[in-house]
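The values are calculated or read from the model by the stated rules, or taken from the named source; none is laboratory data. From a predicted model like this one, the values you see are computed outputs, not experimental measurements. Note: ideal-geometry Cβ built from the backbone for every residue, glycine included; neighbour counts use all protein chains shown. Heads up: the accessible areas ignore ligands, DNA and RNA and are worked out on the full protein's heavy atoms, side chains in. Shrake-Rupley method; radii C 1.70, N 1.55, O 1.52, S 1.80 Å.
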Amino acid sequence: METNPIPVVTVQTSPFDDQRPGTNGLRRKTEVFEGKKNYLQNYIQSLLSSIDLRDRQGCTMVVGSDGRYFSRAATEVIVQMAAANGIGRLVIGHNGLLSTPAVSCIIRKIKAIGGIILTASHNPGGPGGDFGVKFNVANGGPSPDTVMEKIAQVSRTLEEYTICPDLRIDLARLGRHDFDLENKFKPFRVEIVDSVDVYLNMLRTIFDFSAIKSLLTGPEQLKIRVDAMNGVMGPYVRRILCDELGAPANAAVNCVPLEDFGGRPPEPSLTYAAPLVDAMKGGDFGFGAALDADGDRYMILGENGFFVNPSDSLAVMAANLSCIPYFRQLGLRGFARSMATSTALDRVAKALKVTLYETPTGWRFFGNLMDSGSCSLCGEESFGTSSDHIREKDGLWSVLVWLSIMAVRKQGVEEIVKDHWAKLGRNYFCRFDYEGVDPRAAFYLMRDLEGVITDKAFLTQKFAVGTNVYCVERADNFEYIDPVDGTVVRNQGLRIVFTDASRLVFRLSGSGGGAGATVRIYAESFERDPERHNRETQVRSTLESILIGTSTLRVSWS
């Protein structure tokens, strides 16, 4: 214990009007958090004050970061403010590092009231990049709308925050640290824990590690390459894939967490993981994967750079869950996908006679389904997949699912995917992002588009694209009724569904960190004929033809 009690200080402040968290917490340019006086402190106070005092006093919270610039300074502020606001115990990853899946795992393991994750996911880091604060609740998942609204309400009227500015913690020193405070909330404890241990122990209960190790070390050793993109996943990849499962040390690249992620966005995509793509195209590796900054997103590549679309990845996983001991023991209780995600998963659910749930974008919507025992596997088109083992996306878990499938089926990535297409058909899928759009223009675009597609005359429309004719079957503004608690969520994106199950989706995104709105447009075309499964995804065909064919949309967008 400290010899002299640490003082608790109350600081006067003024509210900010832009602190309502979005889909993935509060994201802003790093300079906003670092440069605006009290901006971070206001938000942390709003977050802590949103927890009822009776629940907050003496409770346990988890804190972790993806290691991006400003994380250490922000972690210190969080520790100082948690102490002053009655939190009894903080569990923090070594050097402040914890992946998003690990935070969810630890929250559930130790029954914490929640956790704070410092991350802006796949957004760039560094002083000129993005920063974010995300709050996960007691089930380990992202905050539901009710919690986010409560945080926002507090932030709009906040006049002061409390902090222990003299409290210091060494994030590099593992173990328990106790502090005596000058208030009734004492003692205050901080535990610095190994970033990987609890998460690794959980994975051991899910997968057949011996089978994966045989795949990576046996006579017909699968050579893999995994890019941690200089984010938080470096220690996890080295410890789990190399030390535990036997992959050679050079199988893991960019495993040193850097504050700016080496100067590139830590996004597991063909664009930003180009070095991995090039290495895979050389033919020396049979399996490749990239993981984003906080470890909840992933990309899968096969030999010679064969790319697995994330919607296809979700569907292939679902079709092969019997390869995983966890699912053989517990069975399948349902699948879920976000509305914008390809309907490839729907075909698997139908074939396996499993219930399929279609939710709005945002991982929090899967939480209710999993908590109620209704859902075993869920995913989104933005490179996020997971199961009910936690309540977050889980990139490394997804990699281990793929390796498990390869170990059991004794096939390569491309062969597994093409076999899947042959059985169930292929959903060609692509997404277009328009970022930094004037918010008013984005609003009017969506309003005008909804007017067009919900007009009765639109249901008779046909659009010719090459030799294909797309006939509109239905169009709507997606509304979700939670099957567990009956909560209704409206205006979640505009859908145009065609008679052959092809689709167009328009959606405003709430996860950007910069100025302006982001409009996302998704195009999906279903192909049953195996002879037509090896074509390049048509980047603009369906989308462009339909947009051009509707003059109202063209005027609105311009």
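Filter segment 18-41 for residues that are open to solvent by 10 Å² or more (accessible area, probe 1.4 Å) and assigned to a loop (DSSP other than H, G, I, E, B) and give the result.
ASP18, ARG20, THR23, ASN24, LYS36, LYS37, ASN38
Checking the structure you have, find out if any residue of segment 402-416 is at pLDDT 95 or above, touching a strand residue (DSSP E or B) at 6+ places or on another chain (Cβ under 9 Å), surrounded by 24 or more Cβ atoms within 10 Å (Cβ to Cβ) and assigned to a loop (DSSP other than H, G, I, E, B).
The answer is no; no qualifying residue exists.
Which of the residues that make up segment 34-76 are of a type in the set (A, V, I, L, M) and within 29 Å of ASN254 (Cβ to Cβ)?
LEU40, VAL62, VAL63, ALA73, ALA74
Within segment 172-193, is even one residue part of a helix (DSSP H, G or I) and under 26 Å from VAL232 (Cβ atoms)? Step through it out loud before you land on a result.
Just the residues of segment 172-193 that are part of a helix (DSSP H, G or I), to begin with: none.
No, segment 172-193 contains no residue that is part of a helix (DSSP H, G or I) and under 26 Å from VAL232 (Cβ atoms).
All but one of (1) part of a helix (DSSP H, G or I); (2) polar (S, T, N, Q); (3) surrounded by fewer than 17 Cβ atoms within 10 Å (Cβ to Cβ) hold for SER155, so report the exception by its number.
Answer for SER155: the failing condition is (3).
Kindly indicate which of PHE463, PHE506, PHE526, PHE443 is outside the structural domain of PHE366 (by the TED database), closer than 25 Å to ARG27 by Cα and assigned to a strand (DSSP E or B).
Going through PHE463, PHE506, PHE526, PHE443 in turn, just one is outside the structural domain of PHE366 (by the TED database), closer than 25 Å to ARG27 by Cα and assigned to a strand (DSSP E or B): PHE506.
Can you name every residue in segment 117-129 that is open to solvent by less than 10 Å² (accessible area, probe 1.4 Å) and touching a Gly at 6+ places or on another chain (Cβ under 8 Å)? Give the steps one after another, and end with the answer.
Filtering segment 117-129 down to residues open to solvent by less than 10 Å² (accessible area, probe 1.4 Å) leaves 117-121, 126, 129.
Selection gives ILE117, LEU118, THR119, ALA120, SER121, GLY126.
Given the condition closer than 21 Å to PRO142 by Cα and touching a Pro at 6+ places or on another chain (Cβ under 6 Å), answer yes or no: does some residue in segment 49-57 qualify? Spell out the reasoning first.
Of the residues in segment 49-57, the ones closer than 21 Å to PRO142 by Cα are 49-53, 55-56.
Remaining after also requiring touching a Pro at 6+ places or on another chain (Cβ under 6 Å): none.
No: zero hits.
Let's see how each residue does on (1) more than 23 Å from the chain's Cα centre (by Cα); (2) modelled with pLDDT of 95 or more; (3) surrounded by fewer than 17 Cβ atoms within 10 Å (Cβ to Cβ):
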position: ARG495; (1), (2), (3): no, yes, no
position: LEU508; (1), (2), (3): no, no, no
position: ALA517; (1), (2), (3): no, no, no
position: ARG532; (1), (2), (3): yes, no, yes
position: GLU544; (1), (2), (3): yes, no, yes
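Residues to consider are ASP419, ASP476, ASP433; find the one that is modelled with pLDDT of 95 or more, assigned to a strand (DSSP E or B) and out of contact with any helix residue (DSSP H, G or I) (no Cβ under 6 Å at 6 or more places or on another chain). It would help to see each step written out before you state the result.
Details: ASP419 fails: assigned to a strand (DSSP E or B); ASP433 fails: modelled with pLDDT of 95 or more.
Criteria check complete, one pass: ASP476.
Matching residues to (1) at pLDDT 95 or above; (2) out of contact with any helix residue (DSSP H, G or I) (no Cβ under 8 Å at 6 or more places or on another chain); (3) within 23 Å of PRO268 (Cβ to Cβ):
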{"site": "ASP312", "(1), (2), (3)": "yes, no, yes"}
{"site": "ASN320", "(1), (2), (3)": "yes, no, yes"}
{"site": "CYS323", "(1), (2), (3)": "yes, no, yes"}
{"site": "LYS353", "(1), (2), (3)": "yes, yes, no"}
{"site": "TYR357", "(1), (2), (3)": "yes, no, no"}
{"site": "CYS375", "(1), (2), (3)": "yes, no, no"}
{"site": "GLY384", "(1), (2), (3)": "yes, no, yes"}
{"site": "ILE390", "(1), (2), (3)": "yes, no, yes"}
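Take ILE44 and decide whether it is of a type in the set (Val, Ile, Thr), open to solvent by less than 30 Å² (accessible area, probe 1.4 Å) and not in a loop (DSSP other than H, G, I, E, B). Before the answer, list the steps.
Working: of a type in the set (Val, Ile, Thr): yes; open to solvent by less than 30 Å² (accessible area, probe 1.4 Å): yes; not in a loop (DSSP other than H, G, I, E, B): yes.
It is true that ILE44 is of a type in the set (Val, Ile, Thr), open to solvent by less than 30 Å² (accessible area, probe 1.4 Å) and not in a loop (DSSP other than H, G, I, E, B).
Residues that are over 23 Å from VAL9 (Cβ atoms) and hydroxyl-bearing (Ser, Thr, Tyr): does segment 147-162 have at least one?
No - not one qualifying residue is present in segment 147-162.
Which one of ASP170, ASP145 is without any contact (Cβ under 8 Å) to a residue 60 or more places away in the chain, over 19 Å from GLY58 (Cβ atoms) and either acidic (Asp, Glu) or surrounded by 19 or more Cβ atoms within 10 Å (Cβ to Cβ) (or both)? Step through it out loud before you land on a result.
Working: ASP145 fails: without any contact (Cβ under 8 Å) to a residue 60 or more places away in the chain.
Residue meeting the stated conditions: ASP170.
Results for (1) open to solvent by 20 Å² or more (accessible area, probe 1.4 Å); (2) basic (Lys, Arg); (3) out of contact with any strand residue (DSSP E or B) (no Cβ under 6 Å at 6 or more places or on another chain), shown as yes or no for each residue.
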| residue | (1), (2), (3) |
| --- | --- |
| GLY286 | no, no, yes |
| ALA293 | no, no, yes |
| VAL308 | no, no, no |
| LEU314 | no, no, no |
| ILE324 | no, no, yes |
| ARG328 | yes, yes, yes |
| ARG333 | yes, yes, yes |
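Quickly run through segment 381-400 and pick out the residues that are open to solvent by 10 Å² or more (accessible area, probe 1.4 Å) and either under 18 Å from VAL484 (Cα atoms) or not hydroxyl-bearing (Ser, Thr, Tyr) (or both). Outline the logic, then answer.
Of the residues in segment 381-400, the ones open to solvent by 10 Å² or more (accessible area, probe 1.4 Å) are 381-383, 388-389, 391.
Listed by number, the residues that qualify are GLU381, PHE383, ASP388, HIS389, ARG391.
Return the residues of segment 48-68 that are assigned to a loop (DSSP other than H, G, I, E, B) and touching a helix residue (DSSP H, G or I) at 6+ places or on another chain (Cβ under 6 Å); say none if nothing qualifies.
At the first step, the residues of segment 48-68 found to be assigned to a loop (DSSP other than H, G, I, E, B) are 50-52, 57-59, 66-68.
The answer is SER50, and nothing else.
So which residues in segment 47-94 are surrounded by fewer than 20 Cβ atoms within 10 Å (Cβ to Cβ), closer than 12 Å to ILE169 by Cα and touching a residue at least 40 places away in the same chain (Cβ under 8 Å)?
ARG72, GLU76, VAL77, HIS94 - these are the residues of segment 47-94 that are surrounded by fewer than 20 Cβ atoms within 10 Å (Cβ to Cβ), closer than 12 Å to ILE169 by Cα and touching a residue at least 40 places away in the same chain (Cβ under 8 Å).
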